[in-house]
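Colleague: Let me give you the structure first, and then I'll get to my questions.
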Amino acid sequence: MTRRPPPPSGIIIVDKPSGWTSHDVVGKMRGIAGTRKVGHAGTLDPMATGVLVVGVEKATRLLGHLALTEKVYEATMRLGVSTNTDDAEGEETGRTSAATVTADDVHKGVAALTGPIMQVPPQVSAIKVNGERAYKLARQGEEVALQARPITVHAFEVTSVVLGESVDVTATVTCSSGTYIRSLARDLGDGLGVGGHLTALRRTRVGPYAVDNALTIEALQKECVILPIADAVSQAFPRRDVTEEEARLVSHGGRLKAAGLGEGPIGVFAPGGELLALVEEKGGTAKPLAVFVG
């Protein structure tokens, strides 16, 4: 029996369907790509759709770094109704008339949630509390005390406000890693005194990877399109081309002299264009974060 050769290392930009967990997508992509070495960068809740970056083979080593990149979402929030999950999948916990809320109020509330802010994650989230996932504790009826964490909302652009007993706000949010759009919906409503929750969410970009380049599960079943790992790194991070001597050094986990390309991940490439490693520059040296050869 001939064993199927492993797929090339790279990333697959999936347009996640609603109702699927990120883990569901990974499981499906293992079958489509023909390998167990599959992971994802940045969880999307089951309700959400859009860009889920999936890594295959050696590209799984990139995922932790890609998950830390900037993200863009299209979100719809309903003010006047609160839920225990801060989104439409949860149980309603409060209802307050939002009839007095104006579009100007919404814009002021959004402005207060833009920039560097402290955000409390949803009670039903994957954050660990004393070794247990918060969602597990919350579903057992326990009160979960989550600490506020620093995030940055780079842009919170309101595109539509529909007024009424409840107010529906549609917005585009550009934010740092770790931002919960559910929490933004909750905090927008709470700031206006009426509560709120997220009713729809679509992620349109993760770092340089946009939804225009994402493929549905159905399309990937017909043709599994994998962006080669070297191209994926070139698109996401600064690039450093090195000499043969430097290539040998970094290929064995050695440090290079810093090239002044910043503190974030930097892709290091051999003279022939082969991806060698991701490095970070600190204290005058470039230290490997992940090595992809050997």
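Colleague: For segment 157-294, take N as its residue count and report Rg(C-alpha) divided by 2.2 N^0.38 Å. Working shown, then result.
Modeller: On the way: Rg = 21.6 Å, N = 138, 2.2 N^0.38 = 14.3 Å.
Against the empirical 2.2 N^0.38 Å value, I get 1.51 for segment 157-294.
Colleague: Could you list, bin by bin from short to long, the percent of Cα-Cα pairs of segment 1-115 in 10 Å steps?
Modeller: In order of increasing distance, the bins hold 12, 31, 26, 18, 10, 3, 1, 0 percent.
Colleague: Skipping prolines and chain starts, which residues have an amide H placed within reach, meaning under 5 Å, of the one on SER166, given they are 5 or more residues away or on another chain?
Modeller: Amide H neighbours of SER166: ALA98.
Colleague: Next question. Taking a 31 Å limit on the Cα-Cα distance, which of the listed pairs LYS37/LYS71; LYS71/LYS108; LYS16/LYS287; LYS28/LYS108; LYS71/LYS222; LYS222/LYS287 fall beyond it?
Modeller: LYS16/LYS287; LYS28/LYS108; LYS222/LYS287, as the Cα separations exceed 31 Å there.
Colleague: Return one quarter of the surface area of the convex hull spanned by the alpha-carbon atoms of the chain, equal to its mean projected area, in nm².
Modeller: Numbers: hull surface 74.0 nm².
Value for the chain: 18.5 nm².
Colleague: So, one more: Based on the alpha-carbon gyration tensor of segment 162-223, what equivalent-ellipsoid semi-axes (square roots of 5 times the eigenvalues) come out, in whole Å, largest first? Write down the numbers at each step before the final one.
Modeller: Working: eigenvalues 187, 42, 17 Å².
Taking √(5λ) for each Cα gyration eigenvalue gives 31, 14, 9 Å.
Colleague: Quick one: 3J(HN,Hα) in Hz for segment 80-97, Karplus 6.51/-1.76/1.60 with θ = phi - 60°, rounded, Gly and Pro as x.
Modeller: Listing the rounded values in order: x, 9, 10, 10, 6, 10, 6, 9, 6, 7, x, 8, 5, 10, x, 9, 10, 4 Hz.
Colleague: Taking the Cα centre of the chain as the origin, how large is its charge dipole in debye, to the nearest 20, when only Lys and Arg (+1) and Asp and Glu (-1) carry charge on their Cβ atoms? The partial results should precede the final answer.
Modeller: Details: 31 positive and 33 negative charges, 236 e Å.
Dipole magnitude for the chain comes out near 1140 debye.
Colleague: Please report, largest first and rounded to whole Å, the three semi-axes of the ellipsoid equivalent to segment 193-254, where each semi-axis is the square root of five times an eigenvalue of the C-alpha gyration tensor. Working shown, then result.
Modeller: Working: eigenvalues 279, 84, 18 Å².
The three semi-axes for segment 193-254 are 37, 20, 10 Å.
Colleague: Moving on to the next point. Pick from GLY196, GLY272, GLY31 the residue whose mean-square fluctuation is largest in a GNM of the chain, springs joining Cα atoms under 10 Å.
Modeller: Comparing GLY196, GLY272, GLY31 in a Gaussian network model of the chain, the most mobile one is GLY272.
Colleague: Taking R0 as 30 Å, what's the FRET efficiency between THR21 and VAL162 from their Cβ-Cβ distance, rounded to 0.05?
Modeller: Calculated value: 0.50.
Colleague: Ok, one more. How far, in nm, would the chain grow between SER177 and LYS37 when pulled straight, counting 0.36 nm per residue and subtracting the alpha carbon separation?
Modeller: Value of the extension gain: 48.0 nm.
Colleague: Quick one: what are the phi-derived ³J(HN,Hα) couplings along segment 160-176, Karplus 6.51/-1.76/1.60 with θ = phi - 60°, whole Hz, x for glycine and proline?
Modeller: Per residue, the Karplus-derived 3J(HN,Hα) values read 7, 10, 10, 7, x, 4, 10, 10, 9, 10, 10, 8, 10, 10, 10, 8, 7 Hz.
Colleague: Collect residues whose amide H, placed 1.01 Å from N in the peptide plane, falls under 5 Å from the amide H of ALA48; neighbours closer than 5 in sequence don't count.
Modeller: Residues meeting the criterion, in which the H sits 1.01 Å from N, are GLY19.
Colleague: Follow-up. Of LEU201, LEU276, LEU261, which has the largest mean-square fluctuation in a 10 Å C-alpha GNM of the chain?
Modeller: Fluctuation is largest for LEU261.
Colleague: From the phi angles alone, apply the Karplus equation (6.51, -1.76, 1.60; θ = phi - 60°) to segment 214-220 and give each ³J(HN,Hα) in whole Hz, x where the residue is Gly or Pro.
Modeller: Values, residue by residue: 7, 10, 6, 4, 4, 5, 5 Hz.
Colleague: Moving to a separate point now. From Cα pairs below 8 angstrom and at least 6 apart in sequence, can you work out the relative contact order of the chain, rounded to a whole percent? Working shown, then result.
Modeller: Working: 663 pairs, mean separation 61.7, N = 294.
Over the chain, the number comes to 21 percent.
Colleague: I need the peptides 226-238, 208-220, 175-187 ranked by packing, meaning the mean over residues of other C-beta atoms within 10 angstrom, with the highest value on top.
Modeller: On the way: 226-238: 19.5, 208-220: 15.8, 175-187: 22.2.
Highest mean packing first, the order is 175-187, 226-238, 208-220.
Colleague: For the chain, modelled as a Gaussian network with Cα springs under 10 Å, which listed residue fluctuates most, ALA75, ALA258, ALA98?
Modeller: Sorting by GNM fluctuation, first place goes to ALA258.
Colleague: Using amide H atoms built 1.01 Å from N in the peptide plane, name the residues 5+ places from ALA88, or on other chains, whose amide H lies under 5 Å from its own.
Modeller: Long-range HN contacts for ALA88: LEU198.
Bear in mind these aren't lab numbers, they're just calculated from the coordinates by the rules spelled out. Since the structure is predicted, the reported quantities are computational estimates derived from the model, not experimental observations. Neighbour counts are summed over all protein chains in view; Cβ atoms, including those assigned to glycine, are modelled from backbone coordinates with ideal geometry.
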